[in-house]
Amino acid sequence: MYCVCKEHVELAIDKFVDEYEDAPDLVDLRTTTFSAWKPPERCEWCEEPAVVLVV
Ligand SMILES: [Zn+2]
């Protein structure tokens, strides 16, 4: 799974499809809270805030 900024959502989807050969689910980190897990604050590939979880 990838936590990415909005600029890198497409890259994350591409990598996910390459790796798992399946379409990912996209979760908006700004509107979702997790009880047992705290998402990283930064994008996987840059310094922008992570806003989408690709899983
Ligand atoms: Zn990014």
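Things worth noting here:
- Meets criteria (within 13 Å of the ligand (Cβ to nearest atom), surrounded by 10 or more Cβ atoms within 10 Å (Cβ to Cβ) and assigned to a loop (DSSP other than H, G, I, E, B)) for residue 3: no
- Residues in region 27-55 that are surrounded by 15 or more Cβ atoms within 10 Å (Cβ to Cβ) and among the aliphatic types (A, V, I, L, M): 27, 29, 50, 51, 52, 53, 54.
- For region 8-55, the tally of residues that are within 16 Å of the ligand (Cβ to nearest atom), charged (D, E, K, R) and in a loop (DSSP other than H, G, I, E, B) stands at 5.
- Complete set of residues in region 1-34 that are of a type in the set (Gly, Ala, Ser) and out of contact with any strand residue (DSSP E or B) (no Cβ under 9 Å at 6 or more places or on another chain): 23
Readers should treat all values here as calculations from the given coordinates under stated rules, not as data from a laboratory. Just so you know, these numbers come straight off a predicted model, no measurement behind them. Every residue, glycine among them, receives a Cβ derived from its backbone with ideal geometry; neighbour counts consider all protein chains shown.
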